[in-house]
Amino acid sequence: MDRQKYQKMMRGAGQLDYEIYLNTESLLSCQKEPEELCNPDELQFMIVHQVEELWMKLMATTLLDIDDEMQARNSFKALTLFRRVQLCQEMMTQQLVLLETMSPKDYQEIRLLLGNGSGQESPGFRVLLDMPTDLWQTFKAIYLEGGQRTLEQIYDSEYSHDDAYMIAEALAEFDEQFQKFRHSHMQLIYRSIGVAANSLKGRPVEILNTGLRQKFFPELWQVRADMTDRWGGTYGKVRTKLDPKAKP
Ligand code: HEM
C-alpha cells in the first residue's frame, strides 16, 4: 500500500465542517508523526493514554453536574449522569487491554522515552481522586442530614429502594469501578514490565496495591458489613447445614 498517501488522508485537510467543528487538525496532530515513533506500538501507547485522559475529562465534568443535581435533589437526572460516568469507567478499564497486544520488548523501547513520568501525574486521575470527598459531603447534606435519615435506615430498618438508596448505590458503583480500573491496570503492569519491577520513579510497582485497597466511601461498605454482623447476631454466625430431606 502507498503508506504516505494514506497517512496524508488520515490527517485530513481540516477544511470540512466536520473537521472544523471537531478540530480534527489539532486532535490528529497530538500524536507523534510516523517517522518520529520509536516503533509502531508507540502510536497505540500514546492514543490509549490520550483517549483515557479524554474519558477522565468527561467523567470529571459529569461529576460536577452530578453534584449540582444532587444539591437540587434532582435524583433521576443525577442517576442518568452517574450511568454516563460508569460507562466511561467501564470503557477505561476495557481499553487498557489494548496495551496487552504490545510485546514487553516493544514497551521497553517506548519506556526509554518517558523520562520519569508516572500515571500518578495524570490530570484526569488526580481530579477524580479529589472529587469523591465533595460528592460525599453533598450526599450527606442532602440525602442524610436533609432527609434526617441515616445510612442504616436507608439500607436496612427503613429500606424502600428510594432515591437516597439509588444515589448511595451509584456512589458505591463509582467506587467499585475505580477499583476495577486499578486492578486491570495492575495486571497490565505485570504483563508489560513484570511483577517485581520498579516504576520510572524507582518505586516498586507493589506500592499501587495501597490504592487497590482505597475506598472513597467507606461508610457505604461499612453499612453492609454492619447488616451482616447484625444478621449474624440474630441467626447465629455459623449456621447448621441444611437438611436435604427437609421440605423447602
Ligand atoms: C504498558 C502500559 C502501562 C504501564 C507499564 C504502566 C505502569 C505504571 C506504573 C509503574 C505506575 C506507578 C508509577 C509510580 O510509581 O508513580 C503507574 C501508575 C499509573 N498509571 Fe500506568 N501504566 C501503563 C498504562 C497506563 C494507562 C493506559 C493508563 C491510563 C490512564 C495509566 C494510568 C496510570 C495511573 C492513573 C496511575 C496511578 C495509579 C494509582 O495511583 O493507583 N497507565 N503505571
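For the reader, a short list of remarks on this structure follows.
- Counted residues, segment 197-248 - those being of a type in the set (A, V, I, L, M), open to solvent by less than 60 Å² (accessible area, probe 1.4 Å) and under 30 Å from Ile110 (Cβ atoms): 5
- Selection status of Leu64, assigned to a helix (DSSP H, G or I) and either basic (Lys, Arg) or open to solvent by less than 30 Å² (accessible area, probe 1.4 Å) (or both): no
- Out of Val238, Val195, Val205, one residue alone is free of Cβ contacts under 8 Å to residues at least 60 places away in the same chain and in contact with a Ser or Thr (Cβ under 7 Å, 6 or more places away or on another chain). It is Val205.
- Test: residue in segment 113-120 that is within 13 Å of the ligand (Cβ to nearest atom), more than 18 Å from Lys77 (Cβ to Cβ), open to solvent by 50 Å² or more (accessible area, probe 1.4 Å) and in a helix (DSSP H, G or I): yes
- When Arg126 is tested against (1) exposed (fewer than 15 other Cβ atoms within 10 Å of the Cβ); (2) over 23 Å from Leu200 (Cα atoms); (3) free of Cβ contacts under 8 Å to residues at least 12 places away in the same chain, just one condition goes unmet, and that condition is (2).
- Top-ranked residue of segment 158-189 - restricted to ones that are closer than 27 Å to Met59 by Cα and of a type in the set (Ser, Thr, Tyr), ranked as nearest to the ligand (Cβ to nearest atom): Ser184
- Contact annotation: residue pairs with Cβ atoms under 6 Å, 6 or more positions apart or on different chains, pairing a residue in segment 17-42 that is over 22 Å from Leu99 (Cβ atoms) with a partner that is surrounded by 10 or more Cβ atoms within 10 Å (Cβ to Cβ), are Glu19/Gly12; Thr24/Gly12; Glu25/Gly14.
- Residues of segment 132-151 that turn out to be in contact (Cβ under 8 Å) with a residue 24 or more places away in the chain, aliphatic (A, V, I, L, M), open to solvent by less than 30 Å² (accessible area, probe 1.4 Å) and under 22 Å from Leu81 (Cα atoms), as a count: 1
- The combined condition, being in contact with a Pro (Cβ under 7 Å, 6 or more places away or on another chain) and open to solvent by less than 60 Å² (accessible area, probe 1.4 Å), is not fulfilled by Phe174.
The values are calculated or read from the model by the stated rules, or taken from the named source; none is laboratory data. Model, not experiment: these values are computed from the prediction. Cβ: placed from backbone, ideal geometry, glycine included. Neighbour counts: every protein chain shown. We work out accessible area using only protein heavy atoms, side chains counted, and drop any ligands, DNA or RNA first. Shrake-Rupley method; radii C 1.70, N 1.55, O 1.52, S 1.80 Å.
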